[in-house]
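Below is one structure, written out as structure tokens; comments come after it.
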Protein chains: 2
Amino acid sequence: MEPGDSTKQARAAAQLRKGVLEYCVLALMRDRPRYGVELLHALGESGALATGQGTVYPLLSRLRRDDLVATTWQESASGPPRRYYALTDSGRAALDEFTRVWPGFRDAVDAFLTASPPSPGDHS
Amino acid sequence: MEPGDSTKQARAAAQLRKGVLEYCVLALMRDRPRYGVELLHALGESGALATGQGTVYPLLSRLRRDDLVATTWQESASGPPRRYYALTDSGRAALDEFTRVWPGFRDAVDAFLTASPPSPGDHS
DNA sequence: GCCGGGTATCTTGCATCGCATGGAACCCGG
DNA sequence: CCGGGTTCCATGCGATGCAAGATACCCGGC
């Protein structure tokens, strides 16, 4: 997806990420602290959730503002120091809460999209 | 989910609906035209996508503005006339496009949420 | 004839979120 | 000293869900 791509597909995908990106970022921190560019790279590798710095850093600021993550500085051998983000108790609770809500949401959307497919064998 | 419920769960679910609601509404019109309250009721029965009139009617206005749906008035025996919304060719194309994008998105989120659970059998 | 309840549609103002753009600081090799 | 790579962050815009309120139609009871 090129920057500046304004196709309908790109617009649909962009709106899809709303609200989900936050919890995917939290999920990435579940096992160990991560830093900004690392998160950006991990999201990019997933394909569907690829995004830019202008999305991730404001998101991380919101997470820090709401006490869902805590940060520590750590020096790097190949560049400026990195700010590592780690889950707080509240952050882990929010992630668990989302993990509970997500399947219901996902299945509901699946149900709408696959409902009443004009199946050739349907003679109701 | 009561109106005015401001729990974390409600907030997460609210943000989740962004961008998805539009295509679920289009999906509901796939087989036959529907009217506003009917759509509202169908979304409510799904549970996870329940919403209010203040969300559905502006959404329907946008869909009409973008020529994704066409509307016709039809009288009702038990109230004011209903405006029925039907998919246009563009609307059907947008729905098909979303149907193609959604599985990749859904699986990507699933992958992040279920990745690296400290499974007891994992001895890597 | 009038009035209240149920049905149905729509508008306005607000808060939130993803994104493009731009800027700043640090390290290293030439 | 200087250019490239790495890392961080802030600002302004567009799109979207939502609560609250307004309007109009039908019917039955008084």
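The values are calculated or read from the model by the stated rules, or taken from the named source; none is laboratory data. Predicted, not measured: the structure shown is a model, and the values here were computed from it. Cβ placement follows ideal geometry from the backbone for every residue including glycine, while neighbour counts extend to all protein chains displayed. Remember, those area values only see protein heavy atoms, side chains included, never the ligands or the DNA or RNA. Shrake-Rupley method; radii C 1.70, N 1.55, O 1.52, S 1.80 Å.
Solvent exposure of the range B:25-124, expressed per residue, is 56 Å² of accessible area, with all protein chains present and a 1.4 angstrom probe. Taking every residue in B:42-50 and counting other chain Cβ atoms within 10 Å of its Cβ, the average works out to 4. Chain A residue nearest by beta-carbon to the axis mapping A to B, with distance in Å: A:K18, 2.
Stokes-Einstein diffusion of the range A:8-111 at 10 °C, 1.306 mPa s viscosity, Kirkwood radius from Cα pairs, rounded to a whole number: 108 µm²/s. Sorted shortest first, the separations between the A:L59 label point and its copies elsewhere in the assembly read 2.2 nm; each point sits 7 Å from Cα along the Cα-to-Cβ line.
For the residues B:W102, B:W73, a 1.4 Å probe over the protein chains yields an accessible-area ranking, largest first, of B:W73, B:W102.
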